[in-house]
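Have a look at the structure below, then the notes.
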Amino acid sequence: MQDSSKNVRVHNSWKKIVFLNFFGWVFIYADRTILNPIMPKIQDSFSLTNSQLGLISSIFFLTYTVTQIPFAAIADYFGKKWILGLGFAFFGIMTLFSGIVTTFGIFLIMRAFTGVGEGTFYGASYSLSSENIPPKKLTFGMALINSGQSIGQAFGTLLSSFLVLQYGLHWRLPFIVIAIPTILMGLLYILLVKEEKRPKANAKTTQPLEPRPKIDIASLFNKNLVMTYILLFASIYGQIAMLTWLPQFLITDRGISGSSVGWVASLVPFASIPSSLIFAKLNDKLANPKKLLYILVPIAIISLVVGMTVNNFTILIIMLFMYGFTGKMAIDPILLYTVNKNANRNQLSTTLGVYNFFGMIASIIAPYLTGLFIDLAGSMVIGFYFAAALLLIGLFCFSFVKFE
């Protein structure tokens, strides 16, 4: 980036930005997934139905989703470091309170406020990444950042599994443990990120400030972006259904217990770490990312259906690995690349906020709807079939995206 008379840019090391956003995702996903292995404990503690149990994640993702666009727009207007820093501090404190409160109603409120805190992250962090990562390394850099999601998912799942299922400690403890480093992440964003300063008006000439650009609504919803939003919705629905209900499925449908639940459930995020990096590198060399998606998404669909249907432990392990290797985490850098190619650069944070907003609507629906399927049909399998069908629809819609 170069200085100009109109806009003074500040250099951040792109590796530093990748480091911060990587660990940002680690603690966000750890916070989300500490809940999943201990869902039966929470269900017993508060005497909940399956749909009520799914409501815990749905209420969290509701507030996370609806705050995406406002916080992304605020980040475009006021800057990113304070939005990210204060957001992490807030959601860390709310996570701490989640492990302290004693009634289900207050617990739901704390999870809702945690979602508000996490809602500050997406648009600001990916805009910061896009501004600082060199164009030739952008997709790979995004994949490195996204791998923090997988590390966090595995870390949160294993933390809860060991503390609660293996060693018999109270289900509230994981929330307290993860809260402290989360708050520290907020401090790191404030201390380490440098941001450009908006030039002040000239006192002598009374030259007015350059007006902030207005949001171009139409550019947020061009055809390429809308088709990308749909595939993101489908991929997140499958991911959240898997994140939320897989540990419960392993316990109730497959008879797995103790820390083994955490290890088996962690196959999905562990498999996604190398795949997201490999496919991001391939994407950088391809003119049309659809070629990769036509391979990855069908394999993810087959893995999801077969893994949840066939009652064989070895097949389950293979299919979970394949789903992790080809699922949401693997295709996410490709979708982000598509958004970056089609977004108005003056409102990149806002575009990314809209992108994640529409994707995360799936995260509101998936936990509750899957729980409702269980209450109605007595099985989780139909919920995973539904997730696979959505992926097929999403791939069909993305086939209409044009790349120049």
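Scanning region 304-341 for residues that are surrounded by fewer than 21 Cβ atoms within 10 Å (Cβ to Cβ) and either of a type in the set (Phe, Trp, Tyr) or assigned to a helix (DSSP H, G or I) (or both) yields Val305, Val306, Thr309, Phe313, Thr314, Ile315, Ile317, Ile318, Phe321, Asn340, Lys341. Checked against the criterion of being touching a residue at least 60 places away in the same chain (Cβ under 8 Å), closer than 25 Å to Leu53 by Cα, among the β-branched types (Val, Ile, Thr) and surrounded by 24 or more Cβ atoms within 10 Å (Cβ to Cβ), the candidates Ile93, Ile178, Ile145, Ile100 yield just one match: Ile178. Would you check which residues across region 262-285 are touching a residue at least 60 places away in the same chain (Cβ under 8 Å) and farther than 18 Å from Ile318 by Cβ and list them? Scanning region 262-285 gives Gly262, Ser276, Leu277, Phe279, Ala280, Lys281, Asn283, Asp284.
When Ile273, Ile251, Ile256, Ile301 are checked against the criterion of being within 18 Å of the chain's Cα centre (by Cα), buried (at least 17 other Cβ atoms within 10 Å of the Cβ) and of a type in the set (A, V, I, L, M, F, W, C), a single residue qualifies: Ile273.
To keep it simple, each residue is scored yes or no on (1) of a type in the set (Gly, Ala, Ser); (2) in contact with a Lys or Arg (Cβ under 9 Å, 6 or more places away or on another chain).
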site	(1), (2)
Phe91	no, no
Phe107	no, no
Gly119	yes, no
Ala124	yes, yes
Asn132	no, yes
Leu138	no, no
Gly148	yes, no
Ile176	no, no
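For region 130-181, the candidate set comprises residues that are more than 14 Å from Leu20 (Cβ to Cβ), assigned to a loop (DSSP other than H, G, I, E, B) and touching a helix residue (DSSP H, G or I) at 6+ places or on another chain (Cβ under 7 Å); within that set, the residue that is modelled with the lowest pLDDT is Pro134. Checking Gly117, Gly92, Gly123 one by one, the residue that is modelled with pLDDT of 90 or more, of a type outside the set (Ser, Thr, Tyr) and closer than 30 Å to Lys341 by Cα is Gly117 and no other. Taken over region 366-385, the residue count meeting the criterion of being surrounded by fewer than 22 Cβ atoms within 10 Å (Cβ to Cβ), assigned to a helix (DSSP H, G or I) and touching a residue at least 40 places away in the same chain (Cβ under 8 Å) is 5. Exactly one residue among Ser349, Ser303 is free of Cβ contacts under 8 Å to residues at least 60 places away in the same chain and small (Gly, Ala, Ser), and that residue is Ser303.
The values are calculated or read from the model by the stated rules, or taken from the named source; none is laboratory data. Bear in mind that the values here come from a model prediction, so they are computed numbers and not experimental data. A quick note on method: Cβ atoms are made from the backbone with ideal geometry, for glycine too, and the neighbour counts reach across all protein chains shown.
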